[in-house]
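See structure below.
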Amino acid sequence: MDHKQFQEWLSGIDGLSRAQRQQAQAVLLGEAEPSASLAAIEARVAEDRECPHCGTPGAVSRGTARGLRRYQCKACNKTFNATTGTPLHGLHKKDRWLAFGGCLTDGLTVRASAKRCNFAVSTAFRWRHRFLGTKDQAPQKLKGIVEADETYVLESRKGDRKLDREARRRGGKAKKRGLSDEQVPILVAVDRGGTTACSVLPSVTAESIYSVLEPRIDDDILLVTDGNNVYPTCAKSLGVRHEALNQSAGERVRGVAHIQTANNRHSGLKDFLRRYRGVSSKYLGNYLRWFERCELLKSSARSCLA
C-alpha cells in the first residue's frame, strides 16, 4: 500500500463507531485471539444501540453477562446483547468464533474445522450451520444486465433416519430420467459485474423466481434468460426489460445478451458442493450462502460474525 492509499485508508477511521474502533485496535495491536473474537462480536451492536425486540434506538448499558456487554431498552425494558435475535445466540466458546470463521473462509470440512479449533466434530457441524444461517443485512443489488438461469442438483436426505425410499450409496443417481421431483432447482442470477444471487426454489414458477429476484435487483435492469416460459411473466411482474434466448434452436448469443456467466456460476457452484461429498437438501440454502460469501466475495473471518 503506497502513501496515498494509506492516507485514504486512515481517513475512513473518522467514520468508525466506538465498537468498530475497539475491533480495529485489537487487530492492529495483535491482541490474543479471544480478545479479537469478542471485539468482532461486540461490533455487531451499532452506535445507535437499536433494540432487536422493538426496534427502539438508545438502549443503555447494563454491565456484562456471559462475556458480552448487556444493554437494556428504554422502551420495552428488555435486555439484549450483540447476538440476540441471531442464529449465533446461545453458542458457547466465543473465544473460538473468529478461528471458526477462518475455517469457513478457507472452505474446510467439518473434521478439519474441528481439528483446527480443538473441539468435537458435532460442535463443528452445528456451528457451521449456525454461522451460515446469519443472513446479510444489506445484500448487494444486481445491476445492469442480469443473467438468470436455473440449475438442478439431486435431492438428498443425508442424515435422515426415516427414509421412505431405499437409501442411496455414495450419492447415487436419480431413478427418473430428466427433470423430476428427485431434482432440487436452484436459481442463479448474476450481473456482468459478478454480483451473484443464489437461492433454492420450491418449484420453477414465475412466483417463486419473482420472490428471489425482487429484493435483489436494481430498478433498471435488462433480464436475460433462456426460453423457459416462466420468465416473461416474472419480468412483467418485476417491471423490467427482458431478453429470452431460444437455446433449443441453438441461439447462444444475441448482441450483448447471453447467459454464459450464469452457466459459469452453475459450474463453480457444483464444484463447490462436490467438495463436501453430498449436501443434504435441508441445508442447501446455507451452502449457497457459503458459496456466495466465501467463494465469490472472498469474505474475511470477521465478516462471518457480521
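The values are calculated or read from the model by the stated rules, or taken from the named source; none is laboratory data. Please read all numbers here as calculations on a predicted model, not as lab measurements. Using ideal geometry, Cβ is built from the backbone for each residue, glycine included, and neighbour counts are taken over all protein chains shown. With ligands, DNA and RNA removed, areas are computed over all heavy atoms of the protein, side chains included. Shrake-Rupley method; radii C 1.70, N 1.55, O 1.52, S 1.80 Å.
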Bounding extents of region 192-306 in its principal axis frame from Cα atoms, largest first in Å, are 41, 30, 28
For residue 196, other-chain or 5+-apart residues with amide H closer than 5 Å (H placed, Pro excluded) are none
Highest GNM mean-square fluctuation among 135, 93, 143, for the chain with Cα springs under 10 Å, belongs to 93
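Report the net charge of residues surrounding residue 54, where surrounding means a beta-carbon distance below 15 angstrom and charges are Lys +1, Arg +1, Asp -1, Glu -1.
+1
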So the FRET efficiency between residue 181 and residue 66, C-beta based with R0 = 35 Å and rounded to 0.05, is 0.20
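Determine the sum of side-chain charges near residue 298: Lys and Arg each +1, Asp and Glu each -1, restricted to other residues whose C-beta is under 12 angstrom from that of residue 298.
Spelling it out: positives minus negatives among the neighbours equals -2.
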The long-range amide H neighbours of residue 217, using H built 1.01 Å from N in the peptide plane and a cut-off of under 5 Å, are 142
Heavy-atom accessible area of region 182-236 with neighbours in place, 1.4 angstrom probe: carbon+sulfur share in percent works out to 47
Between residue 70 and residues 5 or more places away or on another chain, the pairs with built amide H atoms under 5 Å apart involve 62, 63, 64, 65
Pairs over 31 Å Cα to Cα, from 115/282; 162/298; 94/143; 135/270; 115/270; 158/298, come to 162/298; 94/143
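Which value at 222 nm does the chain reach when only helices count, each DSSP H run of 4 or more adding -39,500 (n - 2.57), with the total divided by all residues and rounded to the nearest 500 deg cm²/dmol?
Working: 10 runs with 97 residues, N = 306.
My calculation for the chain gives -9000 deg cm²/dmol from helical runs alone.
Loop only per DSSP, at most 15 neighbouring Cβ atoms within 10 Å: give me the GluC sites (Glu not before Pro) in region 187-251, ordered by residue number.
Details: sites: 207, 243, 251; in loops: 251.
Of the GluC sites (Glu not before Pro), the ones in loops of region 187-251 whose Cβ has at most 15 other Cβ atoms within 10 Å are 251.
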When the chain is treated as a Gaussian network with springs between alpha carbons less than 10 Å apart, the largest mean-square fluctuation among 103, 117, 76 is found at 76
Site residue 158, offset 7 angstrom along Cα→Cβ, radius 16 Å on amide nitrogen, limited to region 98-113, gives 107-113
When the chain is treated as a Gaussian network with springs between alpha carbons less than 10 Å apart, the largest mean-square fluctuation among 63, 15, 133 is found at 15
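Expressed as a whole percentage, what fraction of the accessible surface of region 53-172 belongs to carbon and sulfur atoms when a 1.4 Å probe is rolled over the protein heavy atoms?
On the way: 3270 of 7020 Å².
Answer for region 53-172: carbon and sulfur cover 47 percent of the accessible area.
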In order over region 124-134: 3J(HN,Hα) from phi, Karplus 6.51/-1.76/1.60, θ = phi - 60°, whole Hz, x for each Gly or Pro, gives 4, 5, 5, 5, 3, 7, 6, 5, 6, x, 6
Rounded to whole Å², per residue accessible area for the chain with a 1.4 Å probe reads 57
